[in-house]
Structure formats: structure tokens, C-alpha cells
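Report on one structure; see the data block that follows.
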Amino acid sequence: MVHAVEIPDDESDAAALYELGDIPPLGVVPDTMYAMTIRRERHGEPLQAFATEVVNVPRPGPGEVLVYVMSAGVNYNGVWAGLGKPLSPMDIHKQDYHVAGSDAAGVIWKVGSGVRRFKVGDEVVVHCNQTCGQCHNCNGGEPMLCRDQRIWGYETTDGSFAQFARVQAQQVLPKPRHLTWEQAGCYMLVYATAWRMLYGHTPHTLKPAMNVLVWGGSGGLGTMAIQICKAAGANAIAVVSSKEKGEYCMELGAKAYLNRKDFDCWGPLPDTTDAEGYRSYVKRVRRFGKAIWEVTGGVDVDIVFEHPGEQTFPVSSYLVRRGGMVVFCAGTTGYNLTFDARYVWMRQKRIQGSHFASKYEADEANHLVMDEKIHTGLSVVFPFEGVAEAHDLMFRNRHPPGNMVIAVNAVERGCTSLAESRARHGG
Ligand SMILES: NC(=O)c1ccc[n+]([C@@H]2O[C@H](COP(=O)([O-])OP(=O)(O)OC[C@H]3O[C@@H](n4cnc5c(N)ncnc54)[C@H](OP(=O)(O)O)[C@@H]3O)[C@@H](O)[C@H]2O)c1
């Protein structure tokens, strides 16, 4: 591959620190940068957890690249990292502070030794899966089963809420050219996760005309799941908590939506030995099931796209069809997932855990974005100082439908390339 740029080998010209949006010469790396950090003593709700600091710019090691971050997506990972629950990220990576952010769009600014496929100046989006790259699972197996598998920006530091982020070279994918920086930074984590949930667990893969129950239809994962279903010719039935969110799901291509507030069958499975109480519970679950049947014409859903967890799991596993799959990637409302085992074994249902995606899956999924068949669902753009506020909205489930993003160095809004950002900002 030909290098299209002159890469300075002497960085003595670099300023010690650049202001957000003041773009350094390509390939010139300053010593320090602005980063939104989490420290152990600040663990708590987002407004307490995040603070701006000036920290050293990480240097890329072998097989790594340094990305100049234009925009960074807001995900629940940042909420968990701030809370320090269920784990403090510092307990995992042992650094003094944590830079969260597991979604980014930006420009490769420096490459470490041994990086051949990517070069300084490449405009990229970043997926968040890190693996060893050397084990049998990384080479012909299933990289998500690599023993060193980590989520960048959560289990590792050097995430995207900073001017520069250090990532493994295998994490970068081409930025879809038509997207603005803000759009490009907001979708990959939830999109690739949803893709694997729906396509990664054979033989229960999405097929035309299937019915899929999508929890949190207007949330990050849900907006992507609905669009994937639509692109496949399948029927997404979204579950939401308001009419406004339901209408958003319909615009995305859901076949119908149900408002969970109209039903009362949530929470852990009740005591199965309390015959009276259990009968009443099943009746309430069936009322929700009947509402689904009204959409499907009387058949059970083929796949339940799960992530709320404790509050919804018993219902999901009861309502999925014989031989169908409940696929889940989280337990946002609690990890104590319960279900009535009788319905799962007698009806031979599959309960499948799922976690992010391999690079192969992220790349496969990205092609539909490049083809403009899947939209990023960008909702609100926050300035860098808005990291805590954006996560606070998410923590309180008050965020708008779709995906929020932080404009890190993309301070000029609506640009689709580094050249455009530089021209508009000057420098
Ligand atoms: N393992 C992975 O690879 C992976 C990847 C991405 C995300 N996740 C996890 O998945 C979870 C969701 O992520 P997200 O980005 O989609 O978050 P999000 O944008 O906040 O969406 C979650 C949705 O869940 C719904 N919800 C909230 N409380 C609920 C309840 N009690 N019952 C049913 N639904 C409820 C909300 O919709 P309504 O209020 O409208 O119902 C909300 O829109 C998070 O815990 C995140 O960490 C895991």
C-alpha cells in the first residue's frame, strides 16, 4: 500500500497541547491532550464521575494505531464505568484513571510497528473489541472467545472521550464517506452488537418474515435491531415506554410497537409454588402475549432481542416460540435473570448470551451503512464538556430516541472529512 502522506519523523514542532478542534499537522502528536477521565474517588453517577483533565497522549505499541478522535459515541459502558459497578475499570486495567468511550470516528495519526494495512491519514470508525490476535480463536475460530478478549474503553483505558485514542489496528474500519463525523462516531458499538445477536448464533439467524420482539426499540441497540430486521424483510415488534418512542420505532421500520406501561407482568418470576399467585401472573403475561399475536396473526415470535434482563427475562423466555431463541447481551435492570424452566425445556427454546461482535461481523454490518441501508440514528450532538450530561440522561432513561455523540475534535459541525474540518476551522 502506498503512503499518500509525508509523516514527520521529528515531533519537536508539536505544541505541548492543542485546543479541541485545533488540528495539529497530520502525524504530529503532542505530548498531552484533553481527556474526560474517571477516577476511583469519583465513582458514582455520571455528573460526579466524569471530569476534564490534561493527560499524556498514549503512544501506539506494536500492532496499534493512534486515532485523532473527531467524535465519540455515548454508550451505557460509560455509565457502568462511572458507577464503578459491577466492577471498577481500574480494577481490570490497573491504571490510575480511566478514559471511557468505546465508539469513535477519527483519523489515524500514528501507527505502531508492524501495522501494514492502515496508514496515517486514513479516516476510520473504530469497533470496540480487543483480542490477542494470535490464538486459535483469533485465527479461524471465534475471536469473541479469545481469552484476552476485552472491550476497549471499558475493560481497557485509552477510550474515545479524549483527543487521541490508542487502539489495536484490527479495530479500525473505513468510515462511510457520506457520514458526518458526528454520525460516524455514534453507531458501531450498538450496531455490531445487534448484528451479532441477530446473525451470529446459527441456526437461529434472522430470516425474511420472521417476527422479532425488540426490547427498548428506541434505544441504542433497539434502533439498530429494528433497521436490521427491516433490511432482512423481517418484522420487528418494538417494546417502548411512550407513544413518542413508539412512533420513532415505526419511522425506523418496525411493524408495530407496544407500550410496556400498558402491561403489568414485569419483574422476576414469582414463586411457582404459590398456585394462585402464579396463575394470576401467567394471565398477565398472556395478555402481553395476546397483544403480540394481534401483530403477528396469532404466532409466537421467532427471536426475542433481550437486554433489560431482570424485569423482562421471564416474559421473554415464556413468549418466544417453540424452538425459538431469546438472545441477550445485558441485564440493565438487574442480573438475576429468572425463567420458568418447564417452558424452555418442553418447548426446546434456546437462551443465548451474546457479547459485542468480531471484526468480521462489524465489517459485514458496516457495509450496509456504507450502502445507506442502515442509518446511524444520531440523536443529539454534545460538546466535549457534555460527556457527563449525556451519560446522565442515559442513566435516567431520559435520553432521546437513537444514539448520542460527543463532538471531540469535530467542533465544526457537519463535516464529512478531515480536510473539510481543517478548512472550516482554519489551520
Ligand atoms: N454486551 C454487549 O456487547 C453490549 C453492547 C451494547 C449494549 N449493551 C448493554 O445493553 C444495554 C442497553 O444498551 P442501549 O445502548 O440500547 O441502551 P439505551 O439506549 O438506554 O436503551 C435501553 C432501552 O431499554 C429500555 N428499558 C429501560 N428500562 C426498561 C425496563 N424496566 N423494561 C424494559 N425496557 C426497559 C428503554 O426503553 P423504554 O423505556 O422505551 O422501554 C431504553 O430505551 C446496556 O446495559 C448496555 O450496557 C451490551
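The values are calculated or read from the model by the stated rules, or taken from the named source; none is laboratory data. This structure is a prediction, so every number in the text was calculated from the model and none was measured. Every residue, glycine as well, gets a Cβ built from its backbone with ideal geometry; the counts of neighbours run over all protein chains shown.
Against the conditions (1) assigned by TED's automatic domain parsing to the domain that holds residue 238; (2) free of Cβ contacts under 8 Å to residues at least 60 places away in the same chain; (3) in a helix (DSSP H, G or I), residue 316 satisfies every one except (2). Restricting the stretch 323-343 to residues that are away from the ligand (no atom under 11 Å from the Cβ), assigned to a loop (DSSP other than H, G, I, E, B) and of a type in the set (Gly, Ala, Ser) leaves a set whose member that is nearest to residue 192 (Cα to Cα) is 324. Of all residues in the stretch 367-380, those satisfying the criterion of being in contact (Cβ under 8 Å) with a residue 24 or more places away in the chain and more than 16 Å from the ligand (Cβ to nearest atom) are 368, 369, 370, 372, 373.
Those residues that are among the β-branched types (Val, Ile, Thr), more than 14 Å from residue 318 (Cα to Cα) and surrounded by fewer than 17 Cβ atoms within 10 Å (Cβ to Cβ), I need them from the stretch 273-306; list them, please. 273, the sole residue that qualifies. In the set (1) away from the ligand (no atom under 12 Å from the Cβ); (2) touching a helix residue (DSSP H, G or I) at 6+ places or on another chain (Cβ under 6 Å); (3) modelled with pLDDT of 95 or more, the condition left unmet by residue 251 is number (2). Within the option set 38, 108, being within 16 Å of the ligand (Cβ to nearest atom), in contact (Cβ under 8 Å) with a residue 40 or more places away in the chain, of a type in the set (Val, Ile, Thr) and under 30 Å from residue 120 (Cβ atoms) holds for one residue only, 38.
Taken as a whole, the stretch 194-212 holds no residue that is closer than 30 Å to residue 31 by Cα, part of a strand (DSSP E or B) and away from the ligand (no atom under 12 Å from the Cβ).
Is one or more of the residues making up the stretch 124-137 in a loop (DSSP other than H, G, I, E, B) and under 30 Å from residue 397 (Cβ atoms)? Yes, because at least one residue in the stretch 124-137 is in a loop (DSSP other than H, G, I, E, B) and under 30 Å from residue 397 (Cβ atoms).
Can you tell me which condition residue 380 does not meet? The list is (1) assigned to a helix (DSSP H, G or I); (2) out of contact with any Asp or Glu (no Cβ under 7 Å at 6 or more places or on another chain), and all the others hold. Result: residue 380 fails condition (1) only.
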